[in-house]
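The values are calculated or read from the model by the stated rules, or taken from the named source; none is laboratory data. Everything numeric in this text was worked out from a predicted model, so none of it was measured. Ideal geometry is used to build each Cβ from the backbone, glycine not excepted, and the neighbour counts take in all protein chains shown. When the accessible area is computed, the model is the full protein with side chains, heavy atoms only, and any ligands, DNA or RNA have been set aside. Shrake-Rupley method; radii C 1.70, N 1.55, O 1.52, S 1.80 Å.
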Amino acid sequence: NTASGGAAGALGGAVSVFFFGSISESSTSLANSKFEGNNIQSSNGYGGALSVVFLSAAQSCNVDLTNCTFATNTLLGSGGFGGAATVYYSTAASDSHVVLEHCNFLKNAAPGNNSNGGAVFVNVAGL
């Protein structure tokens, strides 16, 4: 599976996964996938290729990525987070996780002013 050349305004140039409200025990898995040449074009963007967001009371929600490659994904605006991927947890989300197993990150970038995480940016609100 390949997701390439995608461009998004603010979240996940190729894929965005949201868990919100009172959702529980939900999961998403991706295996043997390649995310290449995706980008976020706006300022304050999240995840050039992938954005995972756990909001509100999301509990026991999981994202598992295995044998995935993230290559040449970019945040083009300033103040962005995660050239390849961003994971955001609100303080109310519990027992949820993202697992990256045997994944490769190659030449991803967040070159804009005040941008963070050339490959991956993780934010746990309230810390």
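Among the residues making up segment 85-127, those that are part of a loop (DSSP other than H, G, I, E, B), open to solvent by 60 Å² or more (accessible area, probe 1.4 Å) and touching a Cys at 6+ places or on another chain (Cβ under 9 Å) are Asp95, His102. Provide a single number: the residues in segment 41-84 that are part of a strand (DSSP E or B) and either more than 15 Å from Thr28 (Cα to Cα) or open to solvent by 10 Å² or more (accessible area, probe 1.4 Å) (or both). Count: 12.
Right, Ser22: open to solvent by 20 Å² or more (accessible area, probe 1.4 Å), without any contact (Cβ under 8 Å) to a residue 60 or more places away in the chain and part of a loop (DSSP other than H, G, I, E, B) or not?
On the way: open to solvent by 20 Å² or more (accessible area, probe 1.4 Å): yes; without any contact (Cβ under 8 Å) to a residue 60 or more places away in the chain: yes; part of a loop (DSSP other than H, G, I, E, B): yes.
Yes: the conditions hold for Ser22.
Applying the selection to segment 25-40, what residues are buried (at least 18 other Cβ atoms within 10 Å of the Cβ) and of a type outside the set (Phe, Trp, Tyr)?
Taking segment 25-40 as the starting set, the residues that turn out to be buried (at least 18 other Cβ atoms within 10 Å of the Cβ) are 30, 33, 35-40.
Leu30, Ser33, Glu36, Gly37, Asn38, Asn39, Ile40, listed by residue number.
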